[in-house]
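Structure record follows, encoded as structure tokens.
The values are calculated or read from the model by the stated rules, or taken from the named source; none is laboratory data. Quantities reported herein were computed from a predicted structural model and do not represent experimental measurements. Cβ coordinates were reconstructed from backbone atoms using ideal geometry, including for glycine residues, and neighbour counts include every protein chain displayed. Note: areas computed on protein heavy atoms with side chains; ligands, DNA, RNA excluded. Shrake-Rupley method; radii C 1.70, N 1.55, O 1.52, S 1.80 Å.
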Amino acid sequence: MHLRWSVEYDEGLRNFIELALSTSAQQNKILCPCRSCGNNYWLEARDIRDHLISVGFMDGYTSWILHGEGTWSSVPNVSSSSQSKEGHAEGDAMDQMLMEGFGMYDAGALGVDEECEDELDVDAEAYYKLVSDGSQQLYPCCKRFSKLQFLVRLLHLKNLWGISNGCFDDLLSLIKEALPEGELLPKNFHEAKKFMKAIGIGYKCIDACINDCILFRKEYANAKFCPVCKSSRWKSVKGGVDGRRVHRVPAKVVRHFPLKKRLQRLFMSSKTACDMRWHSEGHTKDGLLQHPADSPAWKNFDAMHLEFSSEVRNVRLGLATDGFNPFGNMNVSYSIWPIILIPYNVPPWVCMKQSNFILSVLIPGRKGPGKDIDIYMQLTIDDLLELWNDGVMTYDVSSSKKFCLRAALLWTISDWLGRGILSGESIAACAHCLTDTTSLRLQHGHKTCYMGHRRFLDVDHKFTFQARLFDGTQDFQEPPIQLSGKDISQMTKDMVTIYGKLQKTTDDKDKRKRKRNSEASDVHDAKVSKVFKKRCCLFQLPYWEMLLVRHNLYAMHTEKNVYGNVANTLLAVDKKSKDNLNSRLDLQEMGIRPDLHPQTEGSKSYLPAALYSLSPQEKRMFCQVLKDVKFPAGYASNLQNKVLVEDKKLIVL
């Protein structure tokens, strides 16, 4: 390897740029493979040369597959070919996005040639036809926008600024009048939605019970009332003027984005099709954990399912979900829960990009679904079962052949509350110990404290003998054996969960029955019912109980919470510090740390200063350091606007 300032490096860099410009350029720009850009930005040759000299190539990018080497050498110049086609619009940033995401506007990018054209299945041929129709000029001689580009931009503005459907219809009519004769815009919002849905950026609307009891599909497809809570399926029912037409508005509608077509679409573009094999053919296998494919969980899954792992194009997925308020800081109580699938076949610099996420289900509501999320998860599970058991014949443009595509879910990603909802485990139970969790409920702080962590230390460790510094007792217990997926599946196989927000009274009756019959019940069953609130719906997947890691915690979310609590405690922020009167009273009740117990002088009481207590001057100094500190790009968020030095506190943490 040559130094970046050497003559040899400069000569090799010039050859690289010449190769990339001749094979993969778009409008005289190529993807920048430097450490900062990571093949995410299209730049001119002189800018790329400066980047590669100053910071160098990104780690692991030894085969220049995105710049004309190997598989890509056969792909024609996308920019020149797309611009030379009569009746097609010139590219811009939207053109590049659609080309990267779907391989649109150019048969070369899609890998279609005369030899393999006959092998395309019906879905692929329909897709290519839609791509051709969508890439038509907005009006004759229009070089700036295609029909699809303009519609995408227009619909994006509608969603961004909350434009009503009626206003959008009037706006379309005005634009159609302003454009020259021969324009191809749809007449109204309904036609625009039909066009976008035909391309595949669509979804299915499924009515749901307002109380999250059921989905009105399959055997309940024609039901007018929920069979569990008896609530109406409709929010309003209005008759037409003639009395014949009836307009019904559902009380709750769930959006389902079918998974099969979206995974097939990944192999219709030559760029994404090559990335889907990267986990096996692209990354360096040096024993380091650089990609999920290097993890023991991935390797164990491959070893147990050899037929699945023998086809490297089969998709490994992760599932993530969490609630958020789509209305931002408005005083509106609302919580929408997306269920997102993440393909892990792709390189790490693409893996966690938002463009790689696949939206599966969108759950609306003023309150989170809680344990009733299983009702909506069933839509995703049905897709996963079909892709695991049967698969789907898919055309791979990189090999010009069809293959049976299968997919598997390896784990979930969520915060601690989301993990409890997905796994069915109580959030008060340790994820490792489960039924052997050692916890203590603090009387004053009203928090659950886990004091059994010393049993994971060596038997002769000094902490096992120190009672005064912990909970007042010595701990010589052996660590519990972690339950496997099969163990958990066996323990919860007989659990029956009744879904719905109005089923709390039924649960309370069951609890009272269990209390009356507690003498006859087994102690172990009581522990199981205390730790597991329901059976995890993902056990329907035949391979789920054999996975090494089933549920992962979102590390950045946890780190943010821990940092916020530590910073607020150090700065003694009122109502946010964890060092308060209640915590000191709990120490006093446990009989530990007497130097921190509340003290009384006359009619006043005060809290003794702890070792981490800071003076006002030290607090200002701490805040000033946080305000002035600078981290490398991409390694930390900007804290400059989050720190109030004079007030000695941090905001929005």
Quick count over segment 629-641, residues being in contact (Cβ under 8 Å) with a residue 12 or more places away in the chain and surrounded by 10 or more Cβ atoms within 10 Å (Cβ to Cβ), is 2
Of Asn345, Asn300, which residue is in a helix (DSSP H, G or I) and of a type in the set (S, T, N, Q)?
Asn300
Out of (1) modelled with pLDDT under 90; (2) closer than 23 Å to Leu379 by Cα; (3) of a type in the set (A, V, I, L, M), the one Val237 does not meet is (2)
Which members of segment 581-598 meet the condition of being modelled with pLDDT of 90 or more and not in a helix (DSSP H, G or I)?
His597, Pro598
Across segment 538-574, what is the number of residues that are assigned to a strand (DSSP E or B) and farther than 28 Å from Ser484 by Cβ?
0
If you scan segment 17-43, which residues turn out to be closer than 25 Å to Pro632 by Cβ and either open to solvent by 60 Å² or more (accessible area, probe 1.4 Å) or in a helix (DSSP H, G or I) (or both)?
Arg35, Ser36, Asn40, Tyr41
Being open to solvent by 30 Å² or more (accessible area, probe 1.4 Å) and over 17 Å from the mean Cα position of the chain (by Cα) is the filter; apply it to segment 310-326 and report the residue that is farthest from Pro343 (Cα to Cα).
Ser310
Of the candidates Asp475, Asp471, the one satisfying the condition of being closer than 15 Å to Met590 by Cβ, of a type in the set (D, E, K, R), more than 31 Å from the chain's Cα centre (by Cα) and modelled with pLDDT of 85 or more is Asp475
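A quick yes/no check of all residues on (1) modelled with pLDDT of 50 or more; (2) under 35 Å from the mean Cα position of the chain (by Cα); (3) surrounded by fewer than 19 Cβ atoms within 10 Å (Cβ to Cβ):
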| residue | (1), (2), (3) |
| --- | --- |
| Asp50 | yes, yes, yes |
| Tyr61 | yes, yes, yes |
| Pro76 | no, yes, yes |
| Ser82 | no, yes, no |
Got a number for residues in segment 448-490 being assigned to a helix (DSSP H, G or I), in contact with a helix residue (DSSP H, G or I) (Cβ under 8 Å, 6 or more places away or on another chain) and either open to solvent by 50 Å² or more (accessible area, probe 1.4 Å) or free of Cβ contacts under 8 Å to residues at least 24 places away in the same chain (or both)?
4
Can you name every residue in segment 592-625 that is touching a residue at least 24 places away in the same chain (Cβ under 8 Å), farther than 14 Å from Asp647 by Cα and open to solvent by less than 50 Å² (accessible area, probe 1.4 Å)?
Ile592, Ala610
Quick count over segment 253-296, residues being in a helix (DSSP H, G or I), touching a residue at least 60 places away in the same chain (Cβ under 8 Å) and hydrophobic (A, V, I, L, M, F, W, C), is 6
For segment 148-191, enumerate the residues that are among the aliphatic types (A, V, I, L, M), surrounded by 11 or more Cβ atoms within 10 Å (Cβ to Cβ) and either touching a residue at least 60 places away in the same chain (Cβ under 8 Å) or not in a loop (DSSP other than H, G, I, E, B) (or both).
Leu148, Leu151, Val152, Leu154, Leu155, Leu157, Leu171, Leu172, Ile175
Out of Pro343, Pro364, sole residue that is surrounded by fewer than 18 Cβ atoms within 10 Å (Cβ to Cβ), in contact with a strand residue (DSSP E or B) (Cβ under 7 Å, 6 or more places away or on another chain) and touching a residue at least 60 places away in the same chain (Cβ under 8 Å):
Pro364
Please indicate, with yes or no, whether at least one residue in segment 233-252 is surrounded by 16 or more Cβ atoms within 10 Å (Cβ to Cβ), assigned to a strand (DSSP E or B), among the basic types (Lys, Arg) and under 25 Å from the mean Cα position of the chain (by Cα).
no
For segment 400-442: of the residues being of a type in the set (Phe, Trp, Tyr) and surrounded by fewer than 18 Cβ atoms within 10 Å (Cβ to Cβ), which is nearest to Tyr499 (Cα to Cα)?
Trp416
So Gly445 fits all but one of (1) within 34 Å of the chain's Cα centre (by Cα); (2) over 21 Å from Val531 (Cα atoms); (3) open to solvent by 30 Å² or more (accessible area, probe 1.4 Å); what number is the exception?
(3)
